[in-house]
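Worksheet for the structure shown next.
Only the coordinates and a few stated rules stand behind these numbers; no lab work does. All values reported here derive from a predicted model rather than from experimental measurement. Cβ placement follows ideal geometry from the backbone for every residue including glycine, while neighbour counts extend to all protein chains displayed.
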Amino acid sequence: MSRPLLSLSAFLLLFNPVANAEELNCLNENERASASLYTHLQQEAYAALDRRRETYEQLKTPEQIHAYQKRLGEFFTLQLGGFPARTPLNAVTVRTIQADGYRIELVIYESQPKHHVTANFYIPDGQGPFPGVVVSSGHSRTGKTADYNQRFGIMMAKQGMAALCFDPIGQGERSQILDDKGNAKYSSTTTEHFLMGVGSTLVGRNTATYRVWDGMRSIDYLVSRPEIDPARIGYTGCSGGGTLTSYVMALDERVACAAPACYLTTFRRLIETIGPQDAEQNIFGQIAFGLDHPDYVLMRAPRPTLTSSTTGDYFDYQGAWDNYRQSKRIYGRLGFPERVDLVEIEGNHGVQPQNLATIAHWMKRWLLDRDEAVPIAELATRSPSELLCTESGQVLNLTGERSVFDLNAEHQTQLEKQRLELWKTESREAMADKIREQVSVRKNKDLKPPKFEDAGRVQRGEYHIDQLVLRTDSGVPIPGLTFHPVSPQDDAYLYLHDSGKLGDSEPDGPIEQLVGDGYAVVSVDLRGQGETASGDRSELLTDWKTYYLAYLLGKPLLGLRVEDALSAGHFVAYYQKPKDKPRRVHLVGAGQAGIIALHAAALRPELFASVTLRNTPRDWSSLVEQSVPSGQLDSVVHGALEVYDLPDLVRLIGEDKVRFEE
């Protein structure tokens with residue numbers, strides 16, 4: 001059909017994206033400053049942390065403390081998805097390097113079948129058995145061979161303790177994503193961890209699940225060695241290694257002495273400063289449940305624990321001191337206040353020489369019963385190439401090696417069988433309720449209709465755009481636009497897009513084509529989009545900070561946006577229409593927003609006459625095995641594949657109502 005001609009002003013407006021966005025803003029400047037979803041989630045987190053602090057203050061007796069430890073430990077393990085069976089380590093020593101007063105064995109073992117761990121084992125000269133200290137690497141591309149990790153191993157060996165420094169997944173020789181030449185694809189190790197988190201989340205696991213299990217199996221390796229005393233196991237590591245130390249020391253009772261470095265703070269200070277970090281540093285629902293950073297220490301009380309911090313660390317030292325004070329009080333109530341301590345040294349993020357000496361002193365005190373000062377030492381390190389355990393430098397090049405993506409895909413296959421049985425035995429209504437619960441979307445009767453506010457009008461050629469704001473009980477406004485033809489048909493469209501209300505609104509674009517066909521089109525900024533976005537979206541990793549803050553609160557970001565889509569659908573259907581004769585609403589979802597559209601229509605199929613999905617994934621099952629699930633993170637739901645996959649949503653809607661377009 002013929003297209004209306006645009007005026008010169010409208011033409012210039014459309015071809016100036018910045019002016020277009022500003023002209024079509026629906027919130028005033030003051031409201032935009034406080035309307036971001038991230039800001040609202042921060043306030044929810046602070047309220048949850050206040051409730052957790054109230055619970056902490058009630059811990060007065062050993063019995064109450066032990067019950068608290070048990071409850072948190074069970075929750076932590078559950079949220080990680082549990083752990084696999086212990087299988088043979090099949091450990092081999094590739095070669096040995098003799099050094100001054102110690103030797104370094106280059107070892108490989110399996111934490112799961114055909115899933116190899118590469119490690120350097122520093123063993124003092126002399127007669128054992130020695131205490132054994134596991135060293136978890138921070139987020140270094142070179143992993144175990146990074147100079148500070150080598151210094152950990154050397155220092156422990158020179159003080160009469162063996163040390164096992166291993167490569168985490170995504171680092172050193174254990175990159176899980178390789179390029180065409182068989183090398184690590186990404187220079188940033190956290191990028192790998194985030195991408196591993198996509199499939200892990202869908203199957204009810206976490207990047208941390210694999211990291212914790214590797215840490216526990218590394219203890220298994222230590223205690224399998226005749227040189228090691230299994231009753232004297234220590235654990236330490238910096239940054240991401242401090243995270244893993246915190247997790248393993250809380251969950252594995254074999255860790256007799258621990259010293260996490262440059263990680264422990266409080267979630268309040270973390271959220272007030274740098275915000276949520278790497279994928280494994282966020283456990284689903286932990287803030288809502290009441291599991292804060294200090295609890296990693298409290299869960300292991302009264303076993304000896306030292307927090308190592310630096311004044312210039314971005315894991316805030318004020319939070320570290322609050323963490324320490326909380327721990328000190330609980331250790332005191334158990335009768336062992338001397339078993340918990342903190343060292344703070346001037347310097348930036350990392351293990352300063354005095355931090356390392358103090359950690360070694362702490363390990364000697366509790367593992368060797370020798371409470372003598374350890375001086376700062378100059379420790380010469382080796383070239384990383386000397387300490388590699390594989391010929392190619394990557395375990396993923398080994399024949400038959402299984403990556404985290406492979407392990408998740410295998411688990412997904414098992415979940416698929418469970419899902420099929422579930423869908424056979426449960427009614428459609430029961431499954432819809434399970435899906436609603438999984439994504440944390442309230443029942444339809446509990447979702448109040450939105451309140452409408454007129455925010456202005458912009459003329460565009462022969463049609464106009466009405467600016468609006470929908471108010472819901474979420475507290476986050478939903479800015480929207482109605483693209484209004486001169487003579488609209490009674491049917492209308494609700495348009496969801498990853499870019500919010502301006503997505504696909506370019507000249508002669510998809511929205512304009514619908515307007516040209518006589519349909520009114522409403523597009524909206526779902527929570528965290530457009531005018532309520534934090535501004536930190538990445539094409540590869542999406543808005544991961546907002547996603548993980550919601551994740552910590554046990555709220556899938558997808559679920560928040562589904563509620564907004566349902567509110568917007570209600571507005572389109574009932575605005576200026578009688579309750580018994582709503583407008584027919586056609587739902588369009590473009591990109592990842594198509595997943596939101598699928599959920600909205602599945603949970604309220606009577607509200608939408610049709611669903612059109614453009615460039616939207618057909619399922620989540622195949623996504624699990626993808627090593628680079630680009631742009632998918634903020635759309636995934638924790639444990640979704642335990643209950644349903646996207647094709648199940650299509651069946652709930654009615655296959656005749658859903659159309660996929662590329």
Apply the Karplus parameterisation 6.51 cos²θ - 1.76 cosθ + 1.60, with θ equal to phi minus 60°, to every residue of region 492-497 and state each ³J(HN,Hα) to the nearest whole Hz, in sequence, with x for glycine and proline. 9, 10, 10, 10, 10, 9
Put in order of increasing Cβ neighbours within 10 Å, starting from the fewest, TYR331, TYR102 give TYR102, TYR331
Between the helical axis of 240-251 and the dominant principal axis of the chain, each derived from Cα atoms, what acute angle in degrees is found, rounded to the nearest 10? 80 degrees
Between region 556-585 and region 31-89, what's the alpha-carbon centroid distance in Å? 34 Å
Distant-in-sequence amide H partners of VAL340 (H built 1.01 Å from N, under 5 Å): THR305
Which order do the peptides 375-383, 141-149 take when ranked by the mean count of other beta-carbon atoms within 10 Å per residue, highest first? 141-149, 375-383
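Which net charge results when you count Lys and Arg as +1 and Asp and Glu as -1 among the other residues whose beta-carbon is under 15 Å from that of ALA601?
Here the count lands on +3.
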Here region 128-139 yields Karplus 3J(HN,Hα) values (6.51, -1.76, 1.60; θ = phi - 60°; whole Hz; Gly and Pro given as x) of x, x, 9, x, x, 10, 7, 10, 8, 6, x, 7
Distance between Cα centroids, region 276-318 to region 138-156: provide it in whole Å. 22 Å
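I need CYS26, CYS262 ordered by Cβ neighbour count within 10 Å, fewest first.
Least to most surrounded, the residues fall as CYS26, CYS262.
Could you list TYR574, TYR68 in order of exposure, starting from the residue whose Cβ has the fewest other Cβ atoms within 10 Å? Kindly include the intermediate steps, with their values, before the conclusion.
Working: TYR574 17, TYR68 20.
Fewest-to-most ranking of TYR574, TYR68: TYR574, TYR68.
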One finds the C-alpha centres of region 589-615 and region 363-417 to be spaced, in Å, by 44 Å
Helix 62-79: angle to the longest alpha-carbon principal axis of the chain, degrees 0 to 90, nearest 10? 60 degrees
For the chain, what does the relative contact order come out to in percent, with C-alpha contacts under 8 Å and a separation of six or more? 16 percent
Tell me which residues come under 5 Å, amide H to amide H, from PHE660 once H is placed; ignore anything under 5 positions away on its chain. LEU613
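Quote to one decimal, in nm, the extra length available between SER622 and GLU372 on full extension: 0.36 nm per residue of separation minus the C-alpha distance between them.
84.4 nm
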In the chain, what percentage of the DSSP-assigned beta bridges are antiparallel, given to the nearest 5? 50 percent
Helix 404-425 versus the longest principal axis of the chain: what angle, 0 to 90°, nearest 10, using Cα atoms? 50 degrees
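Between their Cα atoms, which of LYS443/LYS555; LYS448/LYS545; LYS158/LYS364; LYS451/LYS579; LYS451/LYS577 are more than 19 Å away from each other?
LYS448/LYS545
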Long-range HN-HN contacts of LEU178 with modeled amide H, under 5 Å: LYS185
How large is the charge dipole for the chain, taken about the Cα centre, if only the Cβ atoms of Lys, Arg (+1) and Asp, Glu (-1) carry charge, to the nearest 20 debye? 1500 debye
Just the Cα atoms of region 79-398: what Rg and Dmax do they give in Å? 18.2, 58
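For THR425 and GLU253, FRET efficiency with R0 = 51 Å and r from the beta-carbon atoms, rounded to 0.05?
According to the calculation, E is roughly 0.85.
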Using the Karplus equation 6.51 cos²θ - 1.76 cosθ + 1.60 (θ = phi - 60°), what ³J(HN,Hα) coupling, rounded to whole Hz, does each residue of region 39-54 give in order, writing x for Gly and Pro? 4, 5, 5, 4, 5, 5, 5, 4, 5, 5, 5, 5, 5, 4, 5, 4
